[in-house]
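Here, each number is a calculation from the coordinates, and none is a lab measurement. Remember, it's a predicted structure, so these values are computed and weren't measured experimentally. Positions of Cβ are generated from backbone atoms using ideal geometry, with glycine treated the same way; all protein chains shown enter the neighbour counts.
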Amino acid sequence: MFHAASSPEKANPPPPHGRQGAPLPPVRHQQDRPGQRPPDGKRRDAFFDNAKFLAIVLVAVGHTWEPLKGDSRVLEALYTVVYAFHMPAFILISGYFSRSFDMRPDRLRRLITGVAVPYIVFETAYPLFKRAIDDDPSMRISLLDPWYLTWFLVALFVWRLTTPVWKLIRYPLPVALGIAMLASVSPEIGDDLDLQRVLQFLPFFVLGLSMKAEHFHLVRRRSVRILSVPVSALALAVGWWSVPRMNTGWFYHRDSAQELGAPWWTGPVMVLALFGCSLVLTACFFAWVPRRSLWFTALGAGTLYGYLLHGFVVKAGDYQGWFETAWLHGPLGALFVTVLAAAGVTLLCTSPVRRVFRCVMEPEMRWAFRPDAARSARERERERQPVREAERERSTVGA
């Protein structure tokens, strides 16, 4: 489902109860990556596609707010609240749809072609883009140092590979929280593969692995929707109060406590506090996600396209000084940028854009893999089944 999305520069389960809206896709869809099409003939749950689309819109809007928020305490508060839950919500959905992931060859191939290959492509494209647009020849390509948005692909790759471990152990969420807390006091982890984010966001993925369909129905009740209104208002008030008092870097989960200039013991405290706050705000977000199919529901299948491609537009604006225009730093300017960002990422999730970029986002790459002997055997068995049934029928008639 898969998605803070970035800081400014560093960047076979049961169907849902009641089958409200479109039915939840079968098991195969649960290990698809965010943005991947379901297998032919499989239908998707509108709720999850709606949630993924709305979350990716918030990601894009948050990125365009970043250059403007310094001039407005209200915008800074909105930015803080959005960053507290938009990627946790996306990651939780990604975990939920990873529950059936195992080391079966076809699923590993999908992980490589759907996550690893786009990472290599975009981790190469972003620095080249910066060189061309920002005239920065010093910008180098490094596959070990995720830049801007690509950290999520690294994280999703690692989380998916470790899924069998989390399904095996008895208390996966406490263990994941413990790992995140230890990471928050370990500055020596460094920036390689953005492991701080991989480890500090890990509990949300593990929680998604542990969830069932009925858990999502709990937050889609009318009572929760009503309660979410004062809770969200309180979160905005706290965000406004915390603007001059709290380092926004905590919401990126990119650095240890020491790197943020805080005592080491604040790391575990902030991990637990932000985990709780993020879950509450994510529940409020899910409470208002529509359950039925709407005009943007189909766009939920293309969220990874919107996620990776909108970064070029945002960074172009940053490099070219578009955000320095004076009138954009007022209320109307911020509203204009918000609408433009939402419209832009919506366009990037559409079918024409996905057709153009599918060669790098969802490549087949059959030439790169050995034939799957087990899959071939299953296909041969399916082909032989009608013949065997016909022989049994003739035998029965003859008897």
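Miscellaneous remarks
- Fewest-first sequence of Lys130, Lys167 by Cβ atoms within 10 Å of each Cβ: Lys167, Lys130
- Top positive-direction residue, dipole computed over the range 17-368 with Cβ charges, set Leu193, Pro127, Val82: Val82
- Cα-centred dipole magnitude for the range 17-368, charges only on beta-carbon of K, R (+1) and D, E (-1), debye, nearest 20: 1840 debye
- Only Lys, Arg (+1) and Asp, Glu (-1) charged, at Cβ; the range 157-310 dipole about Cα centre in debye: 1000 debye
- When Ser228, Ser100, Ser223 are arranged by Cβ crowding within 10 Å, least crowded first, meaning fewest neighbours, the order is Ser223, Ser100, Ser228.
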